[in-house]
Amino acid sequence: MTRTHHPRRLAAALLAGAALLALTACDTGQYPNSIFTKHTEFNADVGSLFGRLFFWGTIVFVLVEALLLYVIIKFRRKPGQAEPKHVHGNTTLEVLWTAIPAVILVFIAVPTVRTIFRTQAKARPDALQVEVIGHQWWWEFRYPEYNVSTANELYLPTGRTVNFALKTADVLHSFWIPALAGKRDLISNHTNFLWFTPDSALGAQSWNGHCAEYCGASHANMKFRVYTVTPTEFDSWVAGQKAPAAYGAVAAPGQSPSPATPGDSAAAAATRSQAGAAGA
Ligand SMILES: [Cu+2]
């Protein structure tokens, strides 16, 4: 193998590897648990911070590796070469390699601290309040404004900031909806807060939620479902939750009510439920 042939083949292999890596990272839409979304200001803020850190990290990596390769090739040992001159210390170099990382750290620290302050700030006062209580091994969601509570199901109106008060009934848990925001811990005797605003363009969609802190034998089953809905759909969901349970009384939109007994008609079921309501 000739000396010029080898680096060229290495470069080709590196390029092919980089192209493959870029291809695998193309479409985040296929990955429901991806955090690389802009569905809320929380994920958009964290995502742009990640992008910025990755950008500076890439510049540092490329510069350092290029310099390393240059030195390895340029100053490699040649046949018949005398022993190189021994040097000890170089003030200019030492000042430089202290000053440059300090400047890089400033570029990283300023946006990081700014994002921390923004995501840890108090939610706006008109936010929808939701109390989240972690249990071994399920999620309780309370909407004090509407006097409604649910288990493992979270309904959120789009375009309105939601403020979660995170508490635990037993051990440590962690609240995480990857596509929307998180994670934040649920700690005993302490309330943590997390807020975000689902984008108003989202419409009716469902999202995965997980407990992200090992909390015992059934930790892996401690999942929940998040539904983002339009404000109108949210109001109708709240009304539905507040309505007393009545079997077969109200048909779901676009569905015929399931009869209580074979041959029972919708009208008969409605009359029976009205009679029941009047008698109550
Ligand atoms: Cu848990």
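Where a number appears in this text, it was derived from the coordinates with a stated rule and is not lab data. None of the values given here were measured: they were computed from a predicted structure. A quick note on method: Cβ atoms are made from the backbone with ideal geometry, for glycine too, and the neighbour counts reach across all protein chains shown.
Give me the distance in nm between label points sitting 7 Å out from Cα along the Cα-to-Cβ direction at residue 66 and residue 16, one decimal.
Placing both labels 7 Å beyond Cα along the Cβ direction yields 2.5 nm.
Tell me the Rg and the Dmax, in Å, that the Cα atoms of segment 128-242 produce.
Every Cα atom of segment 128-242 included, Rg and Dmax give 13.4, 40 Å.
Using Cα positions and a limit of under 18 Å, work out the aspartates and glutamates in reach of residue 74, with same-chain residues fewer than 8 apart set aside.
65, 83
If one computes the Cα centroid of segment 191-241 and of segment 148-184, what distance in Å separates the two points?
About 6 Å separates the Cα centre of segment 191-241 from the one of segment 148-184.
Quick one: net charge of residue 160's neighbours, Cβ under 12 Å, K/R +1, D/E -1?
Local charge sum for residue 160: -3.
How about segment 84-143: which trypsin sites (Lys or Arg not before Pro) there lie in a loop by DSSP and see at most 16 other Cβ atoms within 10 Å? It would help to have the intermediate numbers written out before the result.
Values: sites: 85, 114, 118, 122, 142; in loops: 85, 122.
Here the sparse-neighbourhood loop sites are 85, 122.
Would you please put 9-21, 214-226, 180-192 in order of how densely packed they are, using the mean number of other Cβ atoms within 10 angstrom per residue and starting with the highest?
Working: 9-21: 9.8, 214-226: 14.6, 180-192: 17.2.
Packing proxy ranking, top to bottom: 180-192, 214-226, 9-21.
Under 15 Å Cα-Cα from residue 242, which aspartates and glutamates qualify once same-chain neighbours fewer than 8 residues away are excluded?
Cross-link targets: 145, 233.
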